[in-house]
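Peer 1: Before I ask anything, let me first share the structure, which is written out below as structure tokens.
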Amino acid sequence: VVSAAIVLTTVTVFGPWLSSVSDLLQIIRRLVPLDRGLYEDKVANFWCSLALFLPINRPERFSLHPYLPWLAAVLSVVAASPFAVLVARKKTTAKHILLAFAGSSLA
């Protein structure tokens, strides 16, 4: 029931902009602004700290620079996966769900 409500709400909110693939891609670009680099928004602290050890902010010195958005996505999924496992257990309590919300938001 909850998943149906989420899907219905998402379709209702984004419905007017889902008329073409280009509109959908524009929504994704606005929600995930990787064109501005990884030094934007809430993950900037991690990437700025990492730049002290790896020259990730200089494409000419860091060969993996084109793959940084994918690296960020993989690291986010890896960091959030323990919380998904916590919630997927058979005996999940409200405390587990709150911990999973907090942990996955920080991932």
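The values are calculated or read from the model by the stated rules, or taken from the named source; none is laboratory data. Note that the structure is predicted; figures quoted are calculated from it, not measured. Note that we place each Cβ from the backbone using ideal geometry, even for glycine, and neighbour counts take in every protein chain shown. Remember, those area values only see protein heavy atoms, side chains included, never the ligands or the DNA or RNA. Shrake-Rupley method; radii C 1.70, N 1.55, O 1.52, S 1.80 Å.
Peer 1: Report, in deg cm²/dmol and to the nearest 500, the calculated mean residue ellipticity at 222 nm for the chain, where each DSSP H run with n ≥ 4 adds -39500 (n - 2.57) and the sum is divided by the residue count.
Peer 2: Value at 222 nm, helices only: -19500 deg cm²/dmol.
Peer 1: Can you give the FRET efficiency for Leu18 and Ser105, using 1/(1 + (r/R0)^6), R0 = 25 Å, r = Cβ-Cβ distance, to the nearest 0.05?
Peer 2: With R0 = 25 Å, the Cβ-Cβ based efficiency is 0.45.
Peer 1: If I compute solvent accessible area with a 1.4 Å probe over the protein chains, what percent of it on the chain is carbon and sulfur?
Peer 2: The value for the chain is 70 percent carbon and sulfur by accessible area.
Peer 1: Next question, about the same structure. How much accessible surface does Trp17 have with a 1.4 Å probe, in Å² rounded to 10?
Peer 2: That residue has around 140 Å² of solvent-accessible surface.
Peer 1: To continue, here is another question. Quick one: 3J(HN,Hα) in Hz for the range 18-31, Karplus 6.51/-1.76/1.60 with θ = phi - 60°, rounded, Gly and Pro as x.
Peer 2: Computed from phi, the couplings for the range 18-31 are 9, 7, 9, 5, 5, 5, 5, 5, 5, 4, 5, 5, 6, 6 Hz.
Peer 1: Let a ≥ b ≥ c be the square roots of the eigenvalues of the Cα gyration tensor of the chain; is it rounded (a/c under 1.5), or, if not, prolate (a/b larger than b/c) or oblate?
Peer 2: oblate
Peer 1: Given the options Pro82, Pro66, Pro16, which has the most mean-square fluctuation in a GNM of the chain, springs set between C-alpha atoms less than 10 angstrom apart?
Peer 2: With Cα springs under 10 Å in the chain, the top fluctuation among Pro82, Pro66, Pro16 is at Pro16.
Peer 1: Of the residues Ala88, Ala79, Ala51, which exhibits the maximal mean-square fluctuation in a Gaussian network model of the chain defined by a 10 Å Cα contact cut-off?
Peer 2: Result: Ala88 has the largest fluctuation of those listed.
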